[in-house]
Each structure stands twice: as structure tokens, then as C-alpha cells.
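Notes follow once the structure below has been shown.
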Amino acid sequence: MSRAIASLFGAGLLRPGPGSWGAAAALLPGAALLAFAGPLAVAAGAAVVAAIGWWAVARELERTAERDPGWIVIDEAAGMWIALAGLPAFGWAGVAAAFALFRLLDIAKPGPVGWADRRGGATGVMLDDVIAGALAALVLAALGFVLPTEWFP
């Protein structure tokens, strides 16, 4: 079960770019939750995904010599949902912006994202994406204050 969760039920096995596939796989349920229940529900869901993900990643890292196997993408799901929680309301432009910004921060690993990635273990695997998602959420929330609602609901 931990392998299925860590790979986000196989999304991490898709190529190229398993991290992008993992974030995309998490996008639809996260966006639906945002649309129907709002940002606080998405944030709560992200916390649950992160906790379950940490457990699954810890178990899977015990079985491999790899530091951060590419097929583990549950961390992208947690980060993606955190990014979505920064949107004030559902809108496809905002969802697309959340995806793009989260992936940019996750790949570039600026500042605290890179620091978390270097920690290693399940904490490092999960924490860099949680921080990337939080940074994306902050940027998206700030944009929500300055952009017209037609562009960024």
C-alpha cells in the first residue's frame, strides 16, 4: 500500500517528468475540492495528504538506496494542494497559475525549498514540496489582491 500511495497510484511511473505528472494527477481532485468546499478544505486535505505521504515515503525509502526516487510523487500532490489553497476561489486561470508556479518553485528549488530538499529522508522528500506549495500559495494569495477578479477569481 505504501508503494501505491508514494507513487500516487502509478502517476509517478509516467515519463517524462514524473513530478509534473504527479502534480497534474493531484490537480483535478484538489481543484474540485477548491470549487466545492473552498481553500480551507483544500489546506486541510493537503495536511492529510502530507501526513499519509510522509508515512508512505518513509516506508519506501527503507526499501531503496535512492535518496529521492523519481517515482515518488505523493510529495507533489501535497505541495500542489497547498498551492491551490492560496487561491481565494476556484477559477481555471488560477488553477493553471498554481500548477505552473508550484512546478517552477519545485524544480528551481530556491532558498528554503533547496534547504528542505537537502535534509534527506522522508522529511526532505516531503518538506521541499510542502515549502514550494506554501510559497506558491503566498504568491497566489497576493496576486488575488491585485489582479482583477475576471483574471484571477
### Task
Mind telling me which of the residues Pro112, Pro29 ends up being assigned to a helix (DSSP H, G or I), under 13 Å from the mean Cα position of the chain (by Cα), surrounded by fewer than 22 Cβ atoms within 10 Å (Cβ to Cβ) and of a type outside the set (S, T, N, Q)?
Pro29
### Summary
Sole miss for Gly144 among (1) farther than 18 Å from Gly17 by Cβ; (2) touching a residue at least 40 places away in the same chain (Cβ under 8 Å); (3) assigned to a helix (DSSP H, G or I); (4) in contact with a helix residue (DSSP H, G or I) (Cβ under 7 Å, 6 or more places away or on another chain) is condition (4)
### Message
Return the residues of the stretch 1-26 that are in a loop (DSSP other than H, G, I, E, B), surrounded by 13 or more Cβ atoms within 10 Å (Cβ to Cβ) and not polar (S, T, N, Q); say none if nothing qualifies.
### Response
Leu8, Phe9, Gly10, Leu14, Gly17
### Query
Can you tell me which residues in the stretch 34-51 are under 14 Å from Gly91 (Cβ atoms) and in contact with a helix residue (DSSP H, G or I) (Cβ under 6 Å, 6 or more places away or on another chain)?
Leu34, Pro39, Val42
### Message
Among the residues of the stretch 90-97, are any in contact with a Pro (Cβ under 8 Å, 6 or more places away or on another chain), outside any helix (DSSP H, G or I), over 26 Å from Arg3 (Cβ atoms) and not polar (S, T, N, Q)?
### Response
yes
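Values in this text are rule-based calculations from the coordinates and carry no lab data. Source: prediction; values computed, not measured. For neighbour counting, all protein chains shown are included, and Cβ atoms are generated from backbone atoms with ideal geometry for every residue, glycine included.
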